[in-house]
Amino acid sequence: MLDEVRWGLSRDPKELSPKFFYDTRGSRLFEEITELDEYYLTRTERSLLRRWMPGWIGDLQPHALVELGAGSASKTRILLDAMRAQDAGTLFVPLDVSEEFLHDAAERLRGEYPDLTVRPEVADLTHPLEMSTELPSPSLFALLGSTLGNFDEAAAVRLLSHVRATMGSADALVLGADLRPGPGKSQAQLEAAYDDAAGVTARFNLNILRVLNREVGTDFPLDAFRHDAFYDPEEGRIEMHLVASRAVSVRVPGLGPVSVDEGESIRTEISCKYDRPTLDRILDGARLRVARWEEDDVGRYALVLARPLPLDV
Ligand SMILES: C[S@@+](CC[C@H](N)C(=O)[O-])C[C@H]1O[C@@H](n2cnc3c(N)ncnc32)[C@H](O)[C@@H]1O
C-alpha cells in the first residue's frame, strides 16, 4: 500500500488509488451514497437486474455466483433469489478488498440464505485472481455498481483479463456500466451523482486521507482539503479530486515531505462512462464479447451479459 501511495504522490498531477477509500467507514459511506437521490446508478442497476436476471440465470443455470467488488452485496440478493427460484447453484463467492466489510456481508447472507455456501475471498482485482475456492462450471461472474469505471481503459482490460483467465468457456459475466450523458441524462445530473447536496460523497472522498494517515503513517490535515468532482467530456469520465485550500507539507514514510500547493489537487477516483463501442473494445481486449446489452428506458445505465471468447494460444 505504501509503495502505491508513494508512487501516486510522486506523480504530477498527484493521484491515489480509489481502492484506498474502502476501509469499513469508507464502505459504509459508499452504501450511504447508493441511497442518495442524486445517485441514480444503484436504483437503475437494481431495476435492470430485476428485469433481466431471472431470464439470464434461467438460460445459464449457473452452479455458482462470483461477485467481484461485492461490497455489501445488497443487489446480489436479486441474483441469489433468481438462482434459488430456478434451482440453480448454491455457491456464492463474494470478492472484495474491504476485508471486514466483506466478512460482515457474508455473515448476513448466511443468515438470510441458510442453503447457500458463502466463501468470501479477500483479493485485489488489479492483480491476477487467485481463488481459494474451486469454481464449478458454469459459473456466473458479476461486476456491478459500475466498478469497472474506476479503471482507465488499459487497466479495465487488464482487470477483465484477470477475470477472463479464471472463467471457463461456459461461464458468463454480468456487468453494470454507467453510460455517457445523452438525451436521457444531462452532464449536470451525472455530476450531481458525484457531488451530492448532503455532502456524503465529500466525506467519502476525504475518508481516503484518514485511511492513509492510519495505515501508512502520512499526516494529511483533513481540514486543508475539499471535495471536487467534474465530468470530462473528452475522456468520457468523472474525476474526483481533493483540492488543497492552503499549502501543506505531508509526511510520507520513505519519501520524505511532499508539498501540496494551495489550489493543487490530488485525483482520487476516475469513473469512466461508457458507450457501446468503448465497452465492446474493452471486452474484446480481455477476450470477452457482449451477448446481451440492456439499457433503462432513458439510456442512463446498461446491464451487459458478456461471454468468453476463446483464449489465444
Ligand atoms: C463502486 S463500489 C460497488 C459495490 C457494489 N458492487 C455495488 O454495486 O454497490 C466498488 C467495490 O469494489 C471494491 N473494490 C474497489 N477496488 C477494488 C480492488 N482493486 N479489488 C477488489 N475490490 C475492489 C470496493 O471495496 C467496493 O466494495
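The table below lists the values:
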{"quantity": "Contour minus Cα-Cα distance for R77 and R226 (0.36 nm per residue)", "calculated": "50.1 nm"}
{"quantity": "1.4 Å probe accessible area per residue over the chain, in Å²", "calculated": "43"}
{"quantity": "Kirkwood-type radius of the chain, with distances r between different C-alpha atoms, in Å", "calculated": "20.2"}
{"quantity": "Per-residue HN-Hα couplings for segment 221-237 [Karplus 6.51, -1.76, 1.60; θ = phi - 60°; Hz; x = Gly/Pro]", "calculated": "x, 4, 6, 8, 10, 10, 6, 9, 9, 8, 9, 9, x, 5, 7, x, 8"}
{"quantity": "DSSP-defined beta bridges in the chain - what % are antiparallel, rounded to 5", "calculated": "65"}
{"quantity": "The chain: relative contact order in percent, alpha carbon pairs under 8 Å with at least 6 residues between", "calculated": "21"}
{"quantity": "Angle in degrees between helix 276-285 and the longest Cα principal axis of the chain, rounded to the nearest 10", "calculated": "80"}
{"quantity": "Rg/Rh (Cα only; Kirkwood hydrodynamic radius) as it applies to segment 1-153", "calculated": "0.99"}
{"quantity": "Distance in nm between pseudo-label sites at R276 and Q189 (7 Å out along the Cβ direction from Cα)", "calculated": "2.0"}
{"quantity": "Folded to 0 to 90 degrees: helix 40-60 orientation relative to the chain principal axis, Cα", "calculated": "30"}
{"quantity": "Average Cα contact separation per residue, segment 68-215, under 8 Å, 6 or more apart, as relative contact order %", "calculated": "19"}
{"quantity": "Where Rh is the Kirkwood radius over Cα pairs, Rg/Rh for segment 98-197", "calculated": "1.03"}
{"quantity": "Tensor-based shape of segment 242-302 (alpha-carbon gyration tensor, a/c under 1.5 rounded, otherwise prolate or oblate)", "calculated": "prolate"}
{"quantity": "Two-site label geometry, S161 and W293: point separation in nm, points 7 Å out along Cα→Cβ", "calculated": "2.3"}
{"quantity": "Gained length - D12 relative to D261, 0.36 nm times residue gap less alpha-carbon distance", "calculated": "88.4 nm"}
{"quantity": "Cα shape, segment 118-168, gyration tensor, a/c 1.5 rule", "calculated": "prolate"}
{"quantity": "Eligible lysines near K19 by straight Cα distance, threshold 22 Å, same-chain separation 8 or greater", "calculated": "K75, K273"}
{"quantity": "Acute angle (nearest 10 degrees) that the helix 153-166 long axis makes with the longest principal axis of the chain, alpha-carbon atoms", "calculated": "40"}
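The values are calculated or read from the model by the stated rules, or taken from the named source; none is laboratory data. The structure displayed is predicted, hence computed values, not measured ones. No Cβ is skipped: glycine too gets one built from the backbone with ideal geometry, and neighbour counts run over all protein chains shown. Side chains are part of the model used for accessible areas, which takes the heavy atoms of the whole protein and leaves out ligands, DNA and RNA. Shrake-Rupley method; radii C 1.70, N 1.55, O 1.52, S 1.80 Å.
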